[in-house]
Amino acid sequence: MSKKFYITTPIYYPSASPHLGHAYCTTLCDIIARGKRMRGYDTFFLTGLDEHGEKIQKNAAAKGVTPQAFVDEIATRFTSLWNTMSISNDDFIRTTQERHVKTVEDIFSKFVVNEDVYLSSYKGWYCVHEESYWTETQVGEDHICPECGRPVEEKEEGAYFFKCSKYVNNLLKYYDENPTFIVPVGRKTEMINNFIKPGLNDLCVTRTTFDWGIPVRESTGHVIYVWLDALTNYITALGYGQENNEKFKNYWEDPDCEVVHVIGADITRFHTIYWPMFLEALNLRKPDKVFVHGLMMMKDGKMSKSKGNVIPVPPLVEHYGVDSVRWYLAREIIFGQDGQFTPEQFIERLNADLSNNIGNLLNRTVSMITKYFGGQIPEYKGDLNDLDKNLHDMFDKTITTYEVLSDDLKVTESYAAVMDLVSAANKYIEESAPWALAKDPAKADLLASCMQHLASVIYLAGMLLSPIFVNKSEKIFDQLGIPTDGRTYENACKFDYVSNLTVCKGEQLFPRLDAAAEIEFIQALMAAPKEKSAA
Ligand code: ME8
């Protein structure tokens, strides 16, 4: 039986251009997906757009275009950004697509028939930005949205309600039986204490005050609440409820397929409370994990177009290369925690890890193998001394550590472990002093062993880094002389695979960056007019 993995990003609102925050989430998911594919998992990676709702309708009206024309234009900016970031998604769902619309209508009808929804009327405090109703207590005396801090307005409308009361016990049982359903676990406590314990109201799942949404068949004038519409993308994209539902069967319906949703903290409530309830009502399995990542902030707080502090991604990628930007995103901010973008840390990260560490190791090793062995990687001589033995042990341990951490979605930690191996190999060069061994014919075996150990470490590191380095890993393999058909995870994990290959010295992979000049370059990018330079 093949190992299977299904990973999704949130589907973003195409209400404005995507920024580095969106790129952060999608790139991290891409790295996870590529890592699983590398290890032989049958992987499906989904991203897309959440195109309905009042906010989109208002933004389109402000521009004097139809909502569909509005989202069509912004959709091209998202796909272009995913191209720039080398995102390897298997599908791109848009909630205005027929496959999705029809299935959502069917899902709603099922809810009506099964009496999971009922018609009533709703009065409450509504936040247009979050498209959410809040209670009097939640908005407080100032009538402010607890999620985004914007003013809310009082509204009353006829509406369908989803019977949360029917499913809340099942949800709590699911939390209990699946302690890693919500990661980091602190988020689960937050959900229980803030939303479930105070009493979960039935959820209002239709709107009548605007029409840019999926219509309710059973009641003219009602459109389906944007969150019920949006969450179901995770199954409609796989073909749920459609004729062509092979992917749905292969991934969602296979209990051995791990299903993971990666989201930002702002949308935890919808994914961890309502989504499992909708699935229970449809009699479908629930996701194994909702992983809540942190926010990428700027010095003056959350990145947002209205603040004008958005960093344009394409010129960053054009200047530094996609692999470097991907490396920064994966390594600088611990996945699951908030982080801050600063030009100083960006340059420091690239210089320290890429230029001084992996780039340096590759250069030195290929040069020495060329100089001492005419370019041919010597045969494996076993562990001849403690230095060899320690590096060999670390090689083996890094494979296990990488696999365990990445299966736990500890992306940053898993790549830190790979860099630790690279640092250890650089240190091993200093301690083994191959230049001294080369002067003593009695130490020929030690010299050969040293070169072989270094080449093995580089092959493994290059492979483990390949989910991030979509270009440079291949260049590493070229310099090591790895045949194209030998570039597999299994081979890279074999300590003696590289023996007898012929290295081929190439360009320096990560030239050192001049910090002062580069910081100035990034600051200029950040100051550039935003709308043009966005995605
Ligand atoms: O909430 N740092 O869409 P959205 C890191 N359509 N991640 C960020 C970020 C930042 N500064 N800004 C945004 C929606 N994100 C709904 C989702 S899902 C069924 C429907 C990421 O366009 C983060 O993952 O507001 C966040 O959860 C998501 O974008 C919200 O995107």
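Candidate cross-link partners of K472 among the aspartates and glutamates, defined by an alpha-carbon separation under 16 Å and a same-chain spacing of 8 or more, comprise E318, D323, D353, E507.
Calculated accessible area for the chain comes out at 40 Å² per residue, all protein chains present (probe 1.4 Å; ligands, DNA, RNA ignored).
What separates the Cα centres of the range 1-71 and the range 296-352 is a distance of 19 Å.
Using only the Cα atoms of the range 228-329, construct the convex hull and provide its projected area averaged over every direction, in square nanometres to one decimal. Averaged projected area of the range 228-329's Cα convex hull equals 9.2 nm². Net length available on complete extension from R217 to R150 is 20.8 nm, with 0.36 nm assigned per residue and the Cα-Cα distance removed. I'd like the antiparallel share, as a percent to the nearest 5, of DSSP beta bridges with both residues in the chain. Just about 45 percent of them are antiparallel.
What does the net charge come to around K110 if you take all other residues with beta carbon closer than 12 Å to its beta carbon, with K and R at +1 and D and E at -1? Summing Lys/Arg as +1 and Asp/Glu as -1 gives -4. Remark on I11: its backbone amide H falls under 5 Å from none of the residues 5 or more positions apart or on other chains, H modelled at 1.01 Å from N.
With all protein chains present, how much of the accessible area of the chain (probe radius 1.4 Å) comes from carbon and sulfur, to the nearest whole percent?
So the carbon and sulfur contribution to the accessible surface is 50 percent.
With all projection directions averaged, the alpha carbon convex hull of the range 183-225 covers 4.6 nm².
Remark: the Cα gyration tensor places the chain in the prolate category, a/c being 1.5 or greater and a/b exceeding b/c. Of the GluC sites (Glu not before Pro) in the range 74-178, which ones lie in a loop per DSSP and count no more than 11 other C-beta atoms within 10 Å? Answer by residue number: E115, E141. The trypsin sites (Lys or Arg not before Pro) of the range 410-442 that DSSP puts in a loop, and whose beta carbon has at most 13 other beta carbons within 10 Å, are K439. Averaging Cα coordinates gives a centre for the range 434-503 and one for the range 128-170; these two points are 58 Å apart.
Checking the Cα-Cα distances for K123/K289; K3/K55; K289/K397; K4/K381; K63/K247; K299/K410 against a 31 Å cut-off, the pairs over it are K123/K289; K3/K55; K4/K381; K63/K247.
For a straight C-alpha distance cut-off of 22 angstrom, the lysines reachable from K475 (same-chain residues fewer than eight places away being disregarded) are K36, K371, K494, K505.
Separation of the range 356-390 and the range 93-115, taken as the distance between their Cα centroids, equals 59 angstrom.
Helical content of the chain, expressed as a calculated mean residue ellipticity at 222 nm, amounts to -14000 deg cm²/dmol (DSSP H runs of 4 or more residues, -39,500 (n - 2.57) each, divided by residue number, nearest 500).
The values are calculated or read from the model by the stated rules, or taken from the named source; none is laboratory data. As the structure is a prediction and not an experimental result, all values here were calculated from the model. A quick note on method: Cβ atoms are made from the backbone with ideal geometry, for glycine too, and the neighbour counts reach across all protein chains shown. When the accessible area is computed, the model is the full protein with side chains, heavy atoms only, and any ligands, DNA or RNA have been set aside. Shrake-Rupley method; radii C 1.70, N 1.55, O 1.52, S 1.80 Å.
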